[in-house]
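K.L.:
Following this message is one structure expressed as structure tokens.
The values are calculated or read from the model by the stated rules, or taken from the named source; none is laboratory data. Nothing here was measured: the structure is a model prediction, and the numbers come from that model. Please note: Cβ atoms are built from the backbone with ideal geometry, for glycine as well, and neighbour counts cover all protein chains shown.
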Amino acid sequence: MFKQIFQLYKIGKELGLNKKEINNLLIFDNTKHPTLYLVLLIVAIVGTGIIAIILSIVISRNVYPQGTLYSTVKRKDFKRKR
């Protein structure tokens, strides 16, 4: 992705565009509602980050890895032996 962005900058420089003009093209400036699309892009990025954090918390709650057999022995089982 970064390679493609650098290629866009290189093509823009070859066409004689300055850095500000290239940035305007990359940030939806040639559309009817550039601010709306920029806000939606930011919300999508933040939402993806929040979902990733929530999923990592849910996944890390499992004590035993999937497929392992875990012990069902409890402390009260040892009290009965005596």
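K.L.:
Limited to segment 1-59, what total is found for residues that are among the charged types (D, E, K, R) and not in a helix (DSSP H, G or I)? Quick ask: steps written out before the conclusion?
P.N.:
First, the residues of segment 1-59 that are among the charged types (D, E, K, R): 3, 10, 13-14, 19-21, 29, 32.
Among the residues that remain, those that are also not in a helix (DSSP H, G or I) are: 29, 32.
So the count comes out to 2.
K.L.:
Which pairs do you get when a residue that is more than 22 Å from Leu26 (Cα to Cα), found in segment 41-64, comes within reach of a residue that is modelled with pLDDT under 85 and outside any helix (DSSP H, G or I), reach meaning Cβ atoms under 7 angstrom, with the pair 6+ apart or on two chains?
P.N.:
Close Cβ pairs (under 7 Å, with a partner that is modelled with pLDDT under 85 and outside any helix (DSSP H, G or I)) amount to Tyr64/Tyr70.
K.L.:
Still on this structure, please answer the following. Would you call Ile11 modelled with pLDDT of 80 or more and more than 27 Å from the chain's Cα centre (by Cα)? Can you show your working first?
P.N.:
Working: modelled with pLDDT of 80 or more: yes; more than 27 Å from the chain's Cα centre (by Cα): yes.
It is true that Ile11 is modelled with pLDDT of 80 or more and more than 27 Å from the chain's Cα centre (by Cα).
K.L.:
Then there's this: Return the total of residues in segment 14-46 being under 18 Å from Gln4 (Cα atoms) and at pLDDT below 80.
P.N.:
7
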